[in-house]
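Below is one structure, written out as structure tokens; the observations come after it.
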Amino acid sequence: MIIAKRVLNTLNELWPVLETLMKRFKMGDFSIKEVQSIIKLHFPHYSGAQIYKETNRLMNQDILVPLAKSSQLEINRAISDFAAYLLQDESLGVAGEINVLVEDLDRLSNKLEDAVIDNDYGDISRYSRIMDERVRKIVKLYQHNENAIYNLVEQAKSNTSNMSLAKRYKAVIEAFDEYIEPMLEMLAINGAFQSCFDGIEAKLTEHLIELKQTGRSSTTICMLEQLRTRILDMHHIGRESLRQSADMLMPLREELRQNT
């Protein structure tokens, strides 16, 4: 039986080792020697016997578990989920997630237009609120994906294994092909996003002019003004986040191109 307190104590004392394993290997496998070298890295004063003892401690408490019919190890899935939560580990999403939300924003904009035409201030408020939620979610996805790309780049640069450069940079190239390039296409001047945002912004401006001319509720006007500003900010944030993400990936992509 594994005693929870012992596991927690081990995680606390050897947390730098687990964190490095998480960042370097994700859900992949690794060797005992790699574990020992990481312990040595974080605890350079440990003797060989102490490193051996701490490695066994991680294995005996099932923090590290052996693969079936293999000498390789992996992090216990329950432990890795817990560590990922604590580390706020972020996996890169796909451009399609953002595209779906933008399309929904366009659909809601049409609903909002109908509500303005019908002078239905309950629906105006409701659709404005839902659109605001979609905008906030899109901004979070931009930030999430930028952080995920930063982590991918750092992992690729810190990987000192004997893998080929192509294997070490595989996740970086996939990030460029599956996220950066589709997003560049969508955010292009004549792309789908620009057309959508221009249409939404024009409708919101038209609604605001109409509401101000007819002396409607200042609360409703303020709400639509904030929504329009947030949508314009979101588009700017998206472009800036994509530029920074591409800037992080390009040097590694170029290094791979020059060496293959």
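Put a plus charge on the Cβ of each Lys and Arg, a minus charge on the Cβ of each Asp and Glu, and nothing anywhere else: the dipole of the stretch 1-90 about its Cα centre is then about 260 debye.
Net charge of the neighbourhood of residue 96, taken over other residues with C-beta under 11 Å away and scored Lys/Arg +1, Asp/Glu -1, is -3.
Across the stretch 165-179, computed HN-Hα scalar couplings (Karplus, 6.51 cos²θ - 1.76 cosθ + 1.60, θ = phi - 60°) run 4, 4, 6, 4, 9, 4, 5, 5, 5, 4, 4, 5, 6, 9, 10 Hz from first to last residue, x flagging Gly and Pro. Charge tally for residue 16 (other residues, Cβ to Cβ under 13 Å; Lys, Arg +1; Asp, Glu -1): 0.
The calculated 222 nm mean residue ellipticity attributable to helices in the chain amounts to -25000 deg cm²/dmol, summing -39500 (n - 2.57) over DSSP H runs of n ≥ 4 and dividing by all residues. Normalised by residue number, the volume inside the convex hull of the Cα atoms of the stretch 7-141 is 146 Å³ per residue. Going Cα to Cα from residue 111, which lysines come in below 25 Å? Please leave out same-chain ones fewer than 8 positions away. Straight-line reach from residue 111, under 25 Å: 137, 140, 203, 212. If I require 30 Å or longer along the helix axis, counting alpha carbons, and a Kyte-Doolittle average no lower than 0.0, what helices from the chain are left? Use full DSSP H segments. Going by DSSP H runs, the hits are 95-117. Relative to its Kirkwood radius, the Cα radius of gyration of the stretch 34-109 gives an Rg/Rh of 1.29. The charge dipole of the chain, taken about the Cα centre with unit charges on the Cβ atoms of Lys, Arg (+1) and Asp, Glu (-1), comes to about 1320 debye, rounded to the nearest 20.
The lysines within cross-link reach of residue 53, meaning a Cα-to-Cα straight distance under 25 Å and a gap of 8 or more places when in the same chain, are 5, 23, 26, 33, 40, 69. Residues whose amide H falls under 5 Å from that of residue 64, counting only those 5 or more places apart or on a different chain, are 59, 76, with hydrogens built in the peptide plane. Cα centroid separation, the stretch 44-115 to the stretch 146-207: 20 Å.
Every read-out reported here was derived from the displayed coordinates using simple, explicitly stated rules and does not represent laboratory data. Keep in mind that this is a model prediction, so the values were computed, not measured. As a convention, Cβ positions derive from the backbone with ideal geometry for all residues, glycine included, and neighbour counts pool all protein chains shown.
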